[in-house]
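Down below is the structure, laid out as structure tokens.
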Amino acid sequence: MKRIGLLTSGGDAPGMNAAIRAVVRTAIYYGMEVYGIERGYAGLMNEELYKMEMRSVSNIVQCGGTKLRTARCLEMLTKEGQQRAADTIKKYGIEGLVVIGGDGSFRGAKVLSEEYGIPTIGIPGTIDNDLEYTDYTLGFDTAVNTCLDIINKLRDTMTSHERICVVEVMGRHCGDIALYSGIASGAEIIVVPEIRFDLDEIVAKINKSRSNGKHSNIIVVAEGVTSADQFAKNLQAITPYSVRPTCIGHVQRGGSPSMADRMLAAQFGNKAVRLLKEGKGNRVVGIRDNKIIDMDIIEAVSMKKTFNYELYETLQMISM
Ligand code: ATP
């Protein structure tokens, strides 16, 4: 394989730049050319691509966001759009493609592999950690660390004023950001889309913690359930303690990637190019039990994300 393409798609995630760097440097190491495609699949529609060199990826390993930009491209959902994307790939002599993104981006990659015969490798880049086949996605660790930093600060003021804070975190339909940031911050309660919640039970838990000497409470709510504002309003109506909502918002998506995300990025990017070099396509890379793995893309996107109930129980037992 002489020339590969690379794009980032869907929501940006810290570590995407480090993965871009790893892909470009590994490809150049193997004597391949790399074309960077801008704005995800939209860049394929509009022929926005350029040849990347060794120095194109200097000084980005520590940067959040994505140097190649990202976009959501509705045209890629249509037959005509998919054909245009495949035409651009063929026109530029691109023999293999690396797609960094979430499950939607992988579905686009699957179409290019399956229907147009373009060997494609997916790198899981999304803060949501919503892909079942991999223990972690790129950006999740940094996003959780950002949440922790903010929750630590909120705890200071909530304790001083003896309040309850409802903190809204991202994750779309997946509760992993709430689960991990809840456990690691010592939050008393987490509310996730995977588990039905009962406001009366939450109030009972708060009352019990207060009678046990607690001066503040942190409730982490996943955006897939409700907003911090709404949840705080409902809670305030039935508790005498003062409740304050905070929505962490897009801060979670930015920032310098953590060591864990940079290490994942280096290994995912390297593995993706190695797979293409070995003549493999239609696969995704991931990490399972601390080992870098690859898997059939169709199998990976058809797996349903499961929730870690054991971790949830751990939180229940140690946060009171
Ligand atoms: P994140 O999880 O961070 O939101 P994502 O990759 O899941 O990332 P999506 O918006 O779902 O984000 O998908 C990104 C892009 O992938 C879409 O804008 C579209 O261009 C393409 N895509 C999504 N689903 C499909 C599909 N079924 N077929 C072809 N292309 C798709």
Residues satisfying the stated conditions in the stretch 303-316, i.e. in a helix (DSSP H, G or I) and at pLDDT 95 or above: Y309, E310, L311, Y312, E313, T314, L315
For the stretch 69-107, which positions are farther than 30 Å from D135 by Cα and in contact with a Lys or Arg (Cβ under 6 Å, 6 or more places away or on another chain)? G93, I94
Restricting the search to the stretch 242-258, which residues are in contact with a Leu (Cβ under 9 Å, 6 or more places away or on another chain) and either among the hydroxyl-bearing types (S, T, Y) or open to solvent by 60 Å² or more (accessible area, probe 1.4 Å) (or both)? R244, T246
Given (1) open to solvent by 30 Å² or more (accessible area, probe 1.4 Å); (2) within 15 Å of the ligand (Cβ to nearest atom), number of the condition K153 does not satisfy: (2)
Assuming V273 fulfils every condition listed in (1) open to solvent by 50 Å² or more (accessible area, probe 1.4 Å); (2) more than 15 Å from T134 (Cα to Cα) apart from one, which condition is it? (1)
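Enumerate the strands (runs of 3 or more DSSP E) found wholly within the stretch 1-90, keeping only those where 3 or more residues are buried (at least 24 other Cβ atoms within 10 Å of the Cβ).
Hits in the stretch 1-90: 3-8.
Inspect all residues belonging to the stretch 225-234 and state whether any of them is closer than 15 Å to G139 by Cβ, out of contact with any His (no Cβ under 7 Å at 6 or more places or on another chain) and not assigned by TED's automatic domain parsing to the domain that holds D128. Break it down into steps so the answer makes sense when it comes.
Restricting attention to the stretch 225-234, the residues satisfying the condition of being closer than 15 Å to G139 by Cβ are none.
Checked the stretch 225-234: no residue is closer than 15 Å to G139 by Cβ, out of contact with any His (no Cβ under 7 Å at 6 or more places or on another chain) and not assigned by TED's automatic domain parsing to the domain that holds D128.
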Mind listing whichever residues of the stretch 74-113 are touching a residue at least 40 places away in the same chain (Cβ under 8 Å) and either within 7 Å of the ligand (Cβ to nearest atom) or within 29 Å of E194 (Cα to Cα) (or both)? V99, I100, G101, G102, D103, G104, S105, F106, R107, G108, A109, K110
Among the residues of the stretch 114-129, what is the count of those that are buried (at least 24 other Cβ atoms within 10 Å of the Cβ), more than 6 Å from the ligand (Cβ to nearest atom) and not in a strand (DSSP E or B)? 2
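So which of N212, N152 ends up being at pLDDT 95 or above and either out of contact with any Ser or Thr (no Cβ under 6 Å at 6 or more places or on another chain) or under 25 Å from K304 (Cα atoms) (or both)?
N152
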Where the second residue is in a helix (DSSP H, G or I) and open to solvent by less than 10 Å² (accessible area, probe 1.4 Å) and the first is assigned by TED's automatic domain parsing to the domain that holds K67 and of a type in the set (S, T, N, Q) and lies in the stretch 15-30, which pairs have Cβ atoms under 9 Å and are six or more apart or on separate chains? N17/V57; N17/A265; T26/G269; T26/A272; T26/V273
Among the listed residues Y136, Y116, which satisfies the condition of being closer than 25 Å to L264 by Cα and either of a type in the set (K, R) or modelled with pLDDT of 95 or more (or both)? Y136
Would you mind finding the one in H173, H215 that is closer than 30 Å to K110 by Cβ and loosely packed, with under 15 Cβ neighbours inside 10 Å? H173
Filter result (part of a helix (DSSP H, G or I) and hydrophobic (A, V, I, L, M, F, W, C)) within the stretch 277-302: I297, I298, A300, V301
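The values are calculated or read from the model by the stated rules, or taken from the named source; none is laboratory data. Please read all numbers here as calculations on a predicted model, not as lab measurements. Counting neighbours? That spans all protein chains shown, and the Cβs are built from the backbone with ideal geometry, glycine included. Remember, those area values only see protein heavy atoms, side chains included, never the ligands or the DNA or RNA. Shrake-Rupley method; radii C 1.70, N 1.55, O 1.52, S 1.80 Å.
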